[in-house]
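Below: the structure, in structure tokens.
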């Protein structure tokens with residue numbers, strides 16, 4: 001689990017996008033940029049890569065404009081790791097995240113997550129969970145299902161010179177891999193190995209979602225994959241929740257997983273899993289000295305996700 005809180009007071013300047021647009025496009029390798037990317041720049045990179053007079057610290061980068069320290073934002077992070085469970089925040093707080101491998105459900109990943117924000121903030125909570133198994137039965141096809149629901153704010157974050165973004169976002173990706181090199185050191189930026197199949201949900205690809213606690217948005221995604229006797233495979237899920245500029249998203253009552261055998265009922269599948277499915281014990285050592293550089297690794301992953309949009 002990780003939680004990032006980023007403030008961007010510089011975006012209160014109506015000329016921020018025109019003053020810093022060339023720099024943002026260079027750093028994020030894009031022809032355009034969205035409001036939340038401008039916020040990320042103001043919170044993380046502006047002071048790191050530019051001098052107060054607006055000159056770049058790296059040769060060849062475009063110049064910005066003079067700024068004061070009060071005009072640049074800040075970035076705070078909290079991380080938590082665990083062999084079977086990790087948690088940040090609390091359920092009644094502005095942010096919360098919990099990942100676990102459910103011992104009562106074949107050790108499958110379960111994630112609860114929510115994030116909110118004040119004006120001129122870009123906050124996120126991020127969760128990742130993975131379990132490795134070995135199949136001992138005859139060749140068959142398994143189905144991996146993820147159920148999720150959430151409710152959210154319903155607005156746009158707009159700024160002159162930048163693309164509008166929803167003031168909330170939920171992103172969910174899950175999949176099946178073989179030969180995956182999972183590591184606590186790089187849980188959002190590691191070798192997924194041979195990916196058999198994946199599915200994803202990205203709220204920003206939809207129109208604004210109108211939902212509340214009594215009427216949440218709900219969906220179910222399922223992927224099927226073939227398995228042979230003796231095969232080892234990972235089932236993994238990763239979720240991001242963003243609150244932006246006063247927005248929020250709350251998926252703290254979900255995400256849950258289910259595994260089945262195609263053509264069999266749930267009861268029949270569970271009966272066969274009792275003899276043919278083995279969960280491989282987690283033997284990954286706890287992280288050592290990773291907290292100082294984990295932020296940079298997660299940022300690389302987030303930037304790649306941004307580039308896909």
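See the values below:
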| read-out | value |
| --- | --- |
| The range 2-71: relative contact order as a whole-number percent, Cα under 8 Å and 6+ apart | 35 percent |
| Among [x] 1.03; [y] 1.08; [z] 1.13, the entry derived from the coordinates for Cα Rg over 2.2 N^0.38 Å | [y] |
| 122, 6, 232 arranged by Cβ crowding within 10 Å, fewest neighbours leading | 232, 6, 122 |
| Residue-averaged [θ]222 nm for the chain, counting only DSSP H segments that reach four residues, each worth -39500 (n - 2.57) | -4500 deg cm²/dmol |
| Length-normalised contact order of the chain in % [C-alpha pairs under 8 Å, at least 6 apart] | 24 percent |
| By average C-beta atoms within 10 angstrom, highest first, the peptides 151-160, 206-215 | 151-160, 206-215 |
| Packing rank of 38-46, 168-176, 73-81, where each peptide gets the mean count of other beta carbons within 10 Å, highest leading | 38-46, 168-176, 73-81 |
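Coordinate-derived values only; no laboratory data. Everything quoted here is computed from the prediction, not taken from an experiment. Backbone-built Cβ (ideal geometry, glycine too); neighbour counts: all protein chains shown.
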